[in-house]
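Heads up, the thing below is written out as structure tokens.
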Amino acid sequence: MSRLHDESHLLERVGWLRAAVLGANDGIVSTASLVVGVAAAATSPQTILLTAFAGLVAGAMSMAAGEYVSVSSQADSEKAERAKEAWELEHQPKAERIELISIYKNRGLTADLAEQVADQMTAHDALGTHLRDELGLTKHFSAKPLQAAFASALAFAAGAILPVILAALFSGERLIWIVSGAALLLLAALGAAGAILGGAPIVRPVVRVTFWGAAAMAATAAIGSIFGATVA
């Protein structure tokens, strides 16, 4: 006898996971790059710390606002599609039935079975069936603006807090190397964690995220050194 069991699929996490990974990655890279760049310009420790903290706050708010606007647009589109599909089901039920039967036939069902499935699914939940099978809209992938905005802001702050703390504890050239090394290690851990949570291979995400993080910090360090020498 088979036993009922609960299944938790990794794809159910894709919405908040994407926002969280993106937010934390940006928090680490942007704030660490700010610290490295300003420190390379031989700026005072107070200015470096203030820059780091301002970068954390501004970045978290920016990520939240951007994610909210983006996902809200997606939610508006989904709402419009739901309204359109509901209207079609009410005013064009025969055409919608034929469309649903065609979908099931294209997935491999025989004509008779496709008709039976379409009729039974329509009787059970007509709108939900068409949203899922015709448009690919499900509860797991529906847009959640507030959730995405909060996850992005929180993740950005979590990633940015380490460079801020290090800026408060260290100074001078030592700060540049400590922040750079810590940021790269954290980026590697983040890439690995994201891959594990998403059920993907680990190596490529880790290499990808650390490479671009190192490139960003190297660029800001170079700019800081150039402008620091010019000002001096």
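Do the conditions hold for Leu184, that is, is it closer than 14 Å to Ile28 by Cβ and open to solvent by 50 Å² or more (accessible area, probe 1.4 Å)? Considered against the rule, which asks whether it is closer than 14 Å to Ile28 by Cβ and open to solvent by 50 Å² or more (accessible area, probe 1.4 Å), Leu184 comes out as yes. Only one of the numbered conditions (1) in a helix (DSSP H, G or I); (2) open to solvent by 60 Å² or more (accessible area, probe 1.4 Å) is not met by Leu190, and that is (2). There is no residue in segment 132-141 that is open to solvent by less than 70 Å² (accessible area, probe 1.4 Å), among the β-branched types (Val, Ile, Thr) and at pLDDT 80 or above. For segment 31-76, a residue qualifies if it is of a type in the set (Val, Ile, Thr) and at pLDDT 90 or above, and the qualifying residues are Thr31, Val35, Val36, Val38, Thr47, Ile48, Thr51, Val57.
Considering only segment 73-82, I want to know if a residue exists there that is open to solvent by 80 Å² or more (accessible area, probe 1.4 Å) and either touching an Asp or Glu at 6+ places or on another chain (Cβ under 6 Å) or closer than 25 Å to Ile165 by Cα (or both). No. Restricting attention to segment 34-66, report how many residues are part of a helix (DSSP H, G or I), touching a helix residue (DSSP H, G or I) at 6+ places or on another chain (Cβ under 7 Å), in contact (Cβ under 8 Å) with a residue 12 or more places away in the chain and under 22 Å from Ile178 (Cα atoms). So the answer is 15. No other residue among Val203, Val179 is surrounded by fewer than 17 Cβ atoms within 10 Å (Cβ to Cβ) and β-branched (Val, Ile, Thr) apart from Val203.
Scanning segment 153-174 for residues that are modelled with pLDDT under 85 and buried (at least 18 other Cβ atoms within 10 Å of the Cβ) yields no hits at all.
Report yes if some residue within segment 68-85 is in a loop (DSSP other than H, G, I, E, B), of a type in the set (S, T, N, Q) and within 30 Å of Asp26 (Cα to Cα); otherwise report no. Looking for residues that are in a loop (DSSP other than H, G, I, E, B), of a type in the set (S, T, N, Q) and within 30 Å of Asp26 (Cα to Cα), one finds none in segment 68-85, hence no. When Ala95, Ala111, Ala80 are checked against the criterion of being without any contact (Cβ under 8 Å) to a residue 12 or more places away in the chain and touching a Lys or Arg at 6+ places or on another chain (Cβ under 9 Å), a single residue qualifies: Ala111. Residues of segment 49-72 that are touching a Pro at 6+ places or on another chain (Cβ under 9 Å) and among the small types (Gly, Ala, Ser): Ala52, Gly55, Ser70, Ser72.
The values are calculated or read from the model by the stated rules, or taken from the named source; none is laboratory data. Fair warning: this is a prediction, and the values are worked out from it, not measured in the lab. Quick reminder, even Gly has a Cβ in these numbers, built from the backbone with ideal geometry, and neighbours come from all protein chains shown. Heads up: the accessible areas ignore ligands, DNA and RNA and are worked out on the full protein's heavy atoms, side chains in. Shrake-Rupley method; radii C 1.70, N 1.55, O 1.52, S 1.80 Å.
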